[in-house]
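A quick write-up on the structure given underneath.
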Amino acid sequence: MLALPEPKADILARRDEIVAGLRAILPASGVITEPLRLKPYETDGLPAYRQIPLAVALPETTEQVAAVLKLCHSIGVRVIPRGAGTSLSGGATPLADAVVLGLMRMNRILEIDYADRCATVQAGVTNIGITQAVAGNGFFYAPDPSSQLACMIGGNVGMNSGGAHCLKYGVTANNLLGLTAVTIEGDILHLGGNHLDAAGYDWLGLITGSEGMLVVVTEVMVRILRGPEGARAMLAAFRSNEIAGQCVDAIIGSGIIPVALEFMDRPAIHACEAFAHAGYPLDAEAMLIIEVEGSVAEQDDLLDRIKRLCEPFEPLSMRVSQSPEESLAIWKGRKGAFGAVGRISPDYMCMDGTIPTSRLPEVLRRIGEMSDQYGLKVANIFHAGDGNLHPLVMFDANDPDSFHRAEAFGADILKLCVEVGGCLTGEHGVGLEKRDLMRFQFSEPELERQRRLKDAFDPAWLLNPAKVFPLQDKPRQAA
Amino acid sequence: MQTSFTAEQLRDPDIQSSNKILRTCVHCGMCTATCPTFVLLGDELDSPRGRIYLMQDMLESGRPATAEVVTHIDRCLSCLSCMTTCPSGVNYMHLIDHGRRYVEETYTRPWHERLLRNTLVRVLPSPSRMRWALTAARLAKPFRALLPGGVFGSRLRAMLDLAPTHLPPRQVVNGVHRADGTRRGRVALLAGCAQQVLAPSINAATIRLLTRLGYDVVVPPSAGCCGALTHHMGQHDPAMAAARTNIAAWSAEMAGEGLDAILINTSGCGTTVKDYGFMFRDEPEQAQAAQISALAADISQFLSRIGYAPTRDPAGLTVAYHAACSLQHGQSVTAEPKTLLRKAGFTVVEPAEGHLCCGSAGTYNLLQPEIAGRLRERKLDNIRRTTPDLIAAGNIGCLTQLAGAGLPTIHTVELLDWMAGGPRPAALPA
Ligand code: SF4
Ligand code: SF4
């Protein structure tokens, strides 16, 4: 079990003063302090870790965010930024002496500029909310994490979120143009803008994926793209995980870049089918969702070539979606996959790591072996095209032993990712969950440079501390 | 999610059911985004996931409900949008029903709240009392401005605003309505309570359409309110009593000449009748209740099943189809009404944010007028953007909630009956 730093007694003692300060800044409904009402804020999408915070603040403007941060900075209170609370790595897990700064009331679309293809929105707008706002004019926002219905764009920036369609369009960082962000001192920064290369340091690159540890993002300017002429998904079913993995490798190796190339194994197929009724092949051990886009002729050509690439792997079936409704159902299953696993197991831990796609068959085999070794089931769901794995380790939270085994199993999977030349994170960030594994990925000098970067923005380590860096070798953070 | 009920607590069948539901929730948060109150209020506590958490804490602690928790439970519309969204299959409906009952049993509301709720519980399910109350409300309308401020006054004002200025004449539909021509089957119709008073034309159209299609339609005189209104207010005993009466009435019909279906044309009631099987899971009527739930169908489901065809030329009207929450989320009936309306020759448009509740939600618009009002405006804005000639919906609550905004609000079945030879709906300007 990962430890959270000890709360500072002097801060807890000044609770009334902090709450009064917050009340002076925000309307009554924007400050939550009663223990009962704080409880639902004790966790996020990783409910294995819980801690009731000191208070919750729900600002509606950048200025209010600045005022709250200034207040917290002046007293030395830690601050946990929170969007929709869908983080699967515990990015929004609170601390007992911290104020949770929830940005979900900042849910306005500020400006849409079709001529220059960009949209400016507040941080609490959902990922899909951006696409919905521009869809009427034939545009969309490309990164599409599975939680896109609920997750908020501010959190997407914090975690540099990806999604199924990132194979073609890139992750958040590749679609971000500008930011309004607030420092822990309460200074408001405007970074980037609607131009490809900003003057000076690459601020956006630095802030994207910084997990709420450097600044609090309040407004985001993103690139919106014109939708493709059309898109079609195809399902290919295989006899084993390894064979499906080899097929992924063959498709990517051929130079074809589908818009999405997704992998599900047997447990995942069954759980998702029960939720989405998409006609997934229930007889298969593994399935690929392959989507292509473009004109009808282009789609036909690509699907043809992909089918031919699949054939040597003796697929059990190959089915091309015949209608937009069918495609929608196919994606509904995939996007609801994590939750759908809740149908077959009371709890799961969703891992997130990246590997070179050529190592896929081997990694899948070893995950299977570990599953036997730990005595825990695993469902494999992932963005196979870019090697982003999401094994879901199933356990029973009412059984502490099962939880400890799940933690160890998860850690082993991520170590395996690093070992084969991949990385600890794909798109969920390090958060709390993978904090202690950072040393498998980075050397001490590398870690120290990253810590100094944090020092430069937030010398007292008030913003979202206890995340990303191993706790014990970082006195500044635990202090 | 992890739960920590004691073995002792788990002996209670309600706790057992809720524990199972809580264990299914994986806390992913997907449901927050489609919850009307979260969208409006931007607070985890007013989201499904937050409420689930609050209820878990309340039930696990075994202590009486507190004012804070009650605030957030009361703000829930029971629209069940969260159930449509939840990939994990969490049965939020059964959990919130249990939560509301727990609140009613352990929490003492302020006196004016109790007065209001008790009045609603007595008036709404009884057509005769409802008539009387609406007449009184109509007479009181001119004095609206004299009402006190505060929660109490604003609720009374909400009631007066919802009361129609004109009440249609009483129509009795009890009894058996014989099929025209060859008889294809026999169905029971739930005549409803509030709907009978507010819009008797809905039942009239339903009966005309079904008899024309060859069905005997029976409305057992002893059947009455389905129990939904009291059930959603956590009033377990009156809800069960109402349901029990209906179960007895329909069971007698099933044992007699038999029933092919039990039809409901108010989707709010339909969701509850389809849940009788669960509500009576530990009662002697269990088997009959389950049978009734299985026979229950929304009128649009039944018409799709037996086949519907218009006889008139298309009216050339554009209909904004408003999906009632109880129909789309409570019963997962989404395509049927639209398909039928299109078949009947209407151009059907679907407003944006169709998954969001209009704020009616049973007694919600009377108990939470502020949130209900904001949802109404949001809904009407989205509807107006589709520039329709009228609004169609399958639930009387929504029809009343959206009325008075310059667009006729008409039950789907009245439009279908009209196109199949029935009279032009009175709400449509000539
Ligand atoms: S979507 Fe379902 S599983 Fe996820 S938090 Fe909501 S109720 Fe729980
Ligand atoms: S029933 Fe409706 S209002 Fe209540 S939590 Fe679910 S979505 Fe929200």
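The values are calculated or read from the model by the stated rules, or taken from the named source; none is laboratory data. Everything quoted here is computed from the prediction, not taken from an experiment. When we count neighbours, we look across all protein chains shown, and the Cβ atoms used for this are built from the backbone with ideal geometry, even at glycine. Accessible surface areas use protein heavy atoms only, side chains included; no ligands, DNA or RNA. Shrake-Rupley method; radii C 1.70, N 1.55, O 1.52, S 1.80 Å.
Restricting the search to region B:42-55, which residues are at the interface with chain A (Cβ under 9 Å from one of its Cβ atoms) and within 15 Å of ligand 1 (Cβ to nearest atom)? Break it down into steps so the answer makes sense when it comes.
Keep residues of region B:42-55 that are at the interface with chain A (Cβ under 9 Å from one of its Cβ atoms), which gives B:42-45, B:47, B:49-54.
Result: B:44, B:45, B:47, B:49, B:50, B:51, B:52, B:53, B:54.
So in region B:2-40, with the set limited to residues that are more than 16 Å from ligand 1 (Cβ to nearest atom), free of Cβ contacts under 8 Å to residues at least 60 places away in the same chain and within 12 Å of chain A (Cβ to nearest Cβ), which one is farthest from residue B:102 (Cα to Cα)?
Taking the candidates together, the pick is B:4.
Need at least 3 residues that are open to solvent by 20 Å² or more (accessible area, probe 1.4 Å) and over 29 Å from residue A:340 (Cβ atoms) per element, so show me which strands (runs of 3 or more DSSP E) inside region A:72-167 make the cut, counting only ones lying wholly within it.
Of the strands (runs of 3 or more DSSP E) lying wholly inside region A:72-167, those with at least 3 residues that are open to solvent by 20 Å² or more (accessible area, probe 1.4 Å) and over 29 Å from residue A:340 (Cβ atoms) span A:109-113.
Anything in region B:62-80 that is within 12 Å of chain A (Cβ to nearest Cβ) and among the polar types (S, T, N, Q)? List them, or say none.
Within region B:62-80, B:66, B:71 meet the criteria.
Would you kindly identify the helices (runs of 4 or more DSSP H) lying entirely within region A:1-67 that contain at least 3 residues that are more than 9 Å from chain B (Cβ to nearest Cβ)?
So the answer is A:9-13, A:15-25.
Does residue A:254 satisfy the condition of being out of contact with any helix residue (DSSP H, G or I) (no Cβ under 8 Å at 6 or more places or on another chain) and either within 14 Å of another protein chain (Cβ to nearest Cβ) or among the polar types (S, T, N, Q) (or both)?
Details: out of contact with any helix residue (DSSP H, G or I) (no Cβ under 8 Å at 6 or more places or on another chain): no; either within 14 Å of another protein chain (Cβ to nearest Cβ) or among the polar types (S, T, N, Q) (or both): yes.
Criteria not met by residue A:254.
Taking the condition of being open to solvent by 80 Å² or more (accessible area, probe 1.4 Å), over 20 Å from residue A:248 (Cα atoms) and of a type outside the set (Val, Ile, Thr), how many residues in region A:296-330 meet it?
Adding up the residues that qualify gives 5.
Here's the yes/no breakdown for (1) more than 19 Å from the chain's Cα centre (by Cα); (2) hydrophobic (A, V, I, L, M, F, W, C):
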site	(1), (2)
A:97	yes, no
A:102	no, no
A:127	no, no
A:159	no, yes
A:168	no, no
A:173	no, yes
A:189	yes, yes
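For residue B:311, state whether it is β-branched (Val, Ile, Thr) and part of a helix (DSSP H, G or I).
Spelling it out, it is not the case that residue B:311 is β-branched (Val, Ile, Thr) and part of a helix (DSSP H, G or I).
Within the set of pairs 6 or more residues apart or between chains, which connect a residue that is touching a residue at least 60 places away in the same chain (Cβ under 8 Å) inside region A:426-446 to a residue that is crowded, with 20+ Cβ neighbours inside 10 Å and assigned to a helix (DSSP H, G or I) with Cβ atoms less than 6 Å apart?
As it stands, the answer is A:429/A:159, since those pairs meet every condition given.
Restricting attention to region B:400-430, and to residues there that are in contact with a strand residue (DSSP E or B) (Cβ under 7 Å, 6 or more places away or on another chain) and β-branched (Val, Ile, Thr), which single residue is farthest from residue B:311 (Cα to Cα)?
B:409
Is it true that residue A:252 is open to solvent by less than 40 Å² (accessible area, probe 1.4 Å) and out of contact with any Asp or Glu (no Cβ under 6 Å at 6 or more places or on another chain)?
Answer is no for this residue.
Within region B:311-332, can you find the residues that are surrounded by 18 or more Cβ atoms within 10 Å (Cβ to Cβ) and not aliphatic (A, V, I, L, M)?
Within region B:311-332, B:321, B:322, B:325, B:326, B:328, B:329, B:330, B:331 qualify.
Output the number of the condition that residue A:272 fails; it satisfies all remaining conditions of (1) in contact with a Leu (Cβ under 6 Å, 6 or more places away or on another chain); (2) surrounded by 24 or more Cβ atoms within 10 Å (Cβ to Cβ).
Unmet condition: (1).
Just checking, does region A:351-358 include any residue being at negative phi, β-branched (Val, Ile, Thr) and within 14 Å of chain B (Cβ to nearest Cβ)?
No, region A:351-358 has no match at all.
Would you say residue B:81 is within 14 Å of ligand 1 (Cβ to nearest atom), in contact (Cβ under 8 Å) with a residue 60 or more places away in the chain, of a type outside the set (Lys, Arg) and within 23 Å of residue B:374 (Cβ to Cβ)?
yes
Residues that are away from ligand 2 (no atom under 16 Å from the Cβ): find the helices (runs of 4 or more DSSP H) completely inside region B:16-79 holding 2 or more of those.
B:48-61, B:67-75
Looking only at residues in region B:339-358 that are out of contact with any Pro (no Cβ under 8 Å at 6 or more places or on another chain) and part of a loop (DSSP other than H, G, I, E, B), which one is farthest from residue B:77 (Cα to Cα)?
B:350
Please tell me if residue B:86 is more than 7 Å from chain A (Cβ to nearest Cβ) and within 15 Å of ligand 1 (Cβ to nearest atom). Explain how you work it out, then say what you get.
On the way: more than 7 Å from chain A (Cβ to nearest Cβ): no; within 15 Å of ligand 1 (Cβ to nearest atom): yes.
No: the conditions fail for residue B:86.
Please find, within region B:80-92, the residue that is nearest to ligand 2 (Cβ to nearest atom) out of those that are in a helix (DSSP H, G or I) and open to solvent by 30 Å² or more (accessible area, probe 1.4 Å). Please lay out each step first, then the result.
In the first step, residues of region B:80-92 are kept if they are in a helix (DSSP H, G or I); the result is B:81-85, B:92.
Those still in the list that are open to solvent by 30 Å² or more (accessible area, probe 1.4 Å) too: B:83-84.
Values: B:83: 7, B:84: 9 Å.
Taking the candidates together, the pick is B:83.
Scan (1) in the same structural domain as residue B:202 (by TED's automatic domain parsing); (2) more than 23 Å from residue B:96 (Cα to Cα); (3) surrounded by fewer than 17 Cβ atoms within 10 Å (Cβ to Cβ) for the single condition residue B:260 breaks and write down its number.
(3)
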